[in-house]
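The values are calculated or read from the model by the stated rules, or taken from the named source; none is laboratory data. Computed from a predicted model, the values in this text were never measured in an experiment. Cβ atoms come from the backbone with ideal geometry, glycine included; neighbour counts cover every protein chain shown.
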Amino acid sequence: MDCDKNCCACEKSTERSTEEQKKLINRLNRIEGQIRGIRGMIERDAYCADILTQSAAAAAALNAFNKEVLACHIATCVVRDIRNGDEDTVEELVTLVQKLMK
């Protein structure tokens, strides 16, 4: 995933439309709610299998978020960089996909 404008680890950024930002933030808010729900389950001593089921659902939601951002990254940033002759982008993409598949 490309770093955002507030990222200290890189110099790249990705401009997103207001609609796209809103959509991604809404997804993250739902995931955050799922995580808070899991914490609440632990605080209430919920049954382990129920906690694991909710944890798997949160992981799947985060994975879906990653897929969406990755698809956008490939369609925009990667294509742009390759068109501009930056072939290092392919190596960066391979490394990124490897991280996501862990």
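Here are a few things to note about the model shown:
- Test result for Ala71, at pLDDT 95 or above, of a type in the set (Gly, Ala, Ser), closer than 19 Å to Leu96 by Cβ and part of a helix (DSSP H, G or I): yes
- Criterion (closer than 16 Å to Thr14 by Cα, touching a residue at least 24 places away in the same chain (Cβ under 8 Å) and surrounded by 11 or more Cβ atoms within 10 Å (Cβ to Cβ)) met by exactly one of Val69, Val79: Val69
- Consider segment 13-64 and keep the residues that are within 14 Å of the chain's Cα centre (by Cα) and acidic (Asp, Glu). The one that is nearest to Thr89 (Cα to Cα) is Glu20.
- Among residues that are under 12 Å from the mean Cα position of the chain (by Cα) and either at pLDDT 95 or above or of a type outside the set (Gly, Ala, Ser) (or both), Cys10 is not included.
- Test: residue in segment 49-67 that is in contact with a Lys or Arg (Cβ under 7 Å, 6 or more places away or on another chain) and at pLDDT 95 or above: yes
- Yes/no for Asp86 being assigned to a loop (DSSP other than H, G, I, E, B), surrounded by 12 or more Cβ atoms within 10 Å (Cβ to Cβ) and charged (D, E, K, R): yes
- Looking only at residues of segment 39-60 that are assigned to a helix (DSSP H, G or I) and small (Gly, Ala, Ser), we find that the one that is surrounded by the fewest Cβ atoms within 10 Å (Cβ to Cβ) is Ala49.
- Residue in segment 5-20 that is surrounded by 11 or more Cβ atoms within 10 Å (Cβ to Cβ), in a helix (DSSP H, G or I) and of a type outside the set (D, E, K, R) present: no
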